[in-house]
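Below is one structure, written out as structure tokens; the observations come after it.
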Amino acid sequence: MKFLTFLFLFSFPLLSSEKNIPADYKIKLKSKKEFTDSFKHLDGLLKLVNTSPEFTLYEALPYRNKDLLQKELQKDLIEKRYEFFFYKNTVKMKEKDLEMLKKSIFDKKSYSAFRGFKKCGGYKPTFSLYFHRCDVEVHICLGCHEAKFFHKGKEVYCNYSHEGFQKIKDMLYLYRVNSPRRIMENPIK
């Protein structure tokens, strides 16, 4: 059943609303070594992001609850962004939270090289930040404390450092506004 759910999720024909994300984009990096080696490209992507402080925040579908996920996939208001599904309607943030998130995203100390696969069932993003001007997208998983950066075919995978993660986790959970999952569970501590 898990395999069938996986096939369904990744063959679902949705287009991204952003013209720069191919609907059929396939994640390139597969091994722990490739993930770890990609960290050397983080500095360049952070410089790009710093030149484009405006971003759009997207909320991911509730991947960790298969029943809710199946229900949400039936809705029209979803799109595929780098192999993952997000709600099309964007999330508006309070100014103080926006500034805190920017500081965390822009700070290299918020990240460390990928240390290995977690036992949480695999990477599933919670949010996506799309930086329009520089065409960089950052997926953040609040479950496994990881971030993935995408830019013109380049991928960088990294862990969110404990300090960086602590700054944003509780604040970001307040912005789970689309997913019915937020009503059913407490934020990850």
- residue 156 neighbourhood, Cβ < 9 Å, K/R = +1, D/E = -1, net charge +2
- Using the Cα centre as the reference, give the magnitude of the dipole from point charges on the C-beta atoms of the range 100-169 (Lys, Arg: +1; Asp, Glu: -1; all else neutral), rounded to the nearest 20 debye. 120
- Volume per residue, Å³, of the convex hull around the alpha-carbon atoms of the range 41-183? 109
- Task: Please list, or write none, the lysines whose alpha carbon is within less than 24 Å of the alpha carbon of residue 103, excluding same-chain residues fewer than 8 places away.
- Result: 40, 47, 92, 94, 124, 148, 152, 154, 167, 169, 189
- Order of 112, 128 - criterion: other Cβ atoms within 10 Å of each residue's Cβ, fewest first: 112, 128
- In whole Hz, what ³J(HN,Hα) sequence does the range 106-119 give by Karplus (6.51, -1.76, 1.60; θ = phi - 60°), x for Gly and Pro? 7, 8, 4, 5, 6, 10, 9, 4, 3, 9, x, 6, 8, 9
- Karplus 3J(HN,Hα) series, Hz, for the range 137-142 with 6.51 cos²θ - 1.76 cosθ + 1.60 (x for Gly, Pro): 10, 10, 9, 10, 10, 7
- Message: Going by amide H atoms built from the backbone, whose H comes under 5 Å of the H on residue 78, apart from near neighbours?
- Response: 88
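A short reminder: the numbers here are calculations on the coordinates, not readings from a lab. Everything numeric in this text was worked out from a predicted model, so none of it was measured. Note: ideal-geometry Cβ built from the backbone for every residue, glycine included; neighbour counts use all protein chains shown.
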